[in-house]
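Asker: Handing you a structure now.
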Amino acid sequence: VTQFYSLSVHPVPAVDFVIGGTQDNGSHAVTTPQGVGTNFKISGADGSFCAVDHQDPDTMYTTFQYQTVRRSRNGGLTTQDITNPNLSQGDVRFINPLEMDPNNSNRIYQAANRLWRHNNPAGGGSFGWSMASTQSGQIEAIGISKSTPNLLYFSSSNGVYRLPNAHITSGNTQPTRLDMSQLSIGFISCVSVNPLDGNHIVVTYSNYGANIHVAETRAAQNGLNCTWKDISGNLPDLPCNWAVFAPNNPNGLLIGTDLGAFRCADITQPEADIIWTNESADMGFPRFDMLEVREADNSLHAATHGRGIFSSYSYSQVPVAEFGIGEDSACGGI
């Protein structure tokens, strides 16, 4: 019944170690190989966003409600405070985004009324934070490119922004604003960057009544001249909370919603032909707050708000042919 807001998975294939932030009950590590099991608490309060170092998985980060950031160097057994002293509760969201650079695990970014960066969170302390953008407006989501190092996107109440060279930007750096006139007005809950293409991003909206729930652009580098495609398809009118590109399928997408997880096998289809299928029949249709793919074994992990954490290794399984071989005779057996 644990209500997870977030999760981050151990980077080594087949290692059953996932951390996640939970409502009212802190951040926990889940280590059971399969099925329901126990976990241990890493930090308290309302657990928010978290991250496991993908180069040194004994190092990890958890967050409390609002701005608090904790670091552990021993697999979550003890933690130290590295909270940004420049931030107060009024600067951040209650469950506030924190993202690790996929190309440099010793760099993390935190949302606030500006974007903040820490270039040595594993070894530094609270005073290692620096402002990374001029853009004001409370940040809602952060997405970082893997294929184009140091390219970062973030959304705020003012729109979606593209920030190249985010590892060296400062409080004087102006990001590029993307055209938003084709999209909904609402809360952008996730900015997901295609791991194979830094200019291909997907955004999700987590509010009811939006005319678009999921949208993509494949030309984010064009800024105000970029074009968007509505890939909401046959989705019902419900909050979409997270999106990840499917393992082993560059055209596939998975989204977490308030009614479970949905999958589209091919988002390259015309808007009218986009079909989503609900993949949550065996899970009771809980609210899915976050999804994460572990690239090392193409496993998929999901944080649900009410049914704990689920994992799937189906994307790493070898396909099995659903037909058999039979014998028949023709022309008298000749």
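Asker: First check a/c for segment 59-121, with a ≥ b ≥ c the square roots of the eigenvalues of its C-alpha gyration tensor; if it is under 1.5, answer rounded, and if not, answer prolate when a/b is larger than b/c or oblate otherwise.
Answerer: oblate
Asker: Sticking with this structure for a sec: Can you check what the net charge comes to around R93, using other residues whose Cβ is under 12 Å from the Cβ of R93 (Lys, Arg +1; Asp, Glu -1)?
Answerer: Around R93, the charge tally is -3.
Asker: Mean-square fluctuation check for the chain, GNM, Cα pairs under 10 Å: which of G124, G171, G284 is largest?
Answerer: Highest fluctuation of the listed residues: G284.
Asker: Calculate the spin-label point distance for N103 paired with Q55, positioning each point 7 Å from the Cα along the beta-carbon direction, and give it in nanometres.
Answerer: My value for the distance between the label points is 1.3 nm.
Asker: Local charge sum around T31 (other residues, Cβ-Cβ under 13 Å, Lys/Arg +1, Asp/Glu -1)?
Answerer: Local charge sum for T31: 0.
Asker: Subtracting the Cα-Cα distance from 0.36 nm times the residue separation, let me have the gained length for S130 to K41 in nm, one decimal.
Answerer: This chain segment gains 29.1 nm when fully extended.
Asker: Rank E292, E322, E140 by mean-square fluctuation in a GNM of the chain with C-alpha springs under 10 angstrom and give only the top-ranked residue.
Answerer: Judging by the Gaussian network model, the answer is E322.
Asker: What does the extension gain come out to for A281 and S88, with contour length at 0.36 nm per residue minus their alpha carbon separation?
Answerer: Working it through step by step, the gained length comes to 65.3 nm.
Asker: Mind checking which of A281, A215, A111 has the largest fluctuation in a GNM of the chain, springs on alpha carbons under 10 Å?
Answerer: Evaluated over the chain, the most mobile residue of the options is A281.
Asker: So for T304, T2, what's the accessible-area order with a 1.4 Å probe, most first?
Answerer: T2, T304
Asker: Among I275, N251, L151, which residue has its Cα positioned farthest towards the positive end of the charge dipole of the chain, with +1 placed on the Cβ of Lys and Arg, -1 on the Cβ of Asp and Glu, and the dipole taken about the Cα centre?
Answerer: The residue sitting farthest along the positive end of the dipole is L151.
Asker: How do the peptides 22-31, 232-241 rank, highest first, by the average count of neighbouring beta carbon atoms within 10 Å per residue?
Answerer: My ranking of the peptides, most packed first, is 22-31, 232-241.
Asker: Could you compute how fast segment 98-253 diffuses translationally, taking Rh as the Kirkwood radius over C-alpha pairs and applying Stokes-Einstein at 37 °C with viscosity 0.692 mPa s? Give it in µm² per second.
Answerer: Answer from the Stokes-Einstein relation: 208 µm²/s.
The values are calculated or read from the model by the stated rules, or taken from the named source; none is laboratory data. Keep in mind it's a predicted model, so treat the numbers as computed, not measured. Cβ: placed from backbone, ideal geometry, glycine included. Neighbour counts: every protein chain shown. With ligands, DNA and RNA removed, areas are computed over all heavy atoms of the protein, side chains included. Shrake-Rupley method; radii C 1.70, N 1.55, O 1.52, S 1.80 Å.
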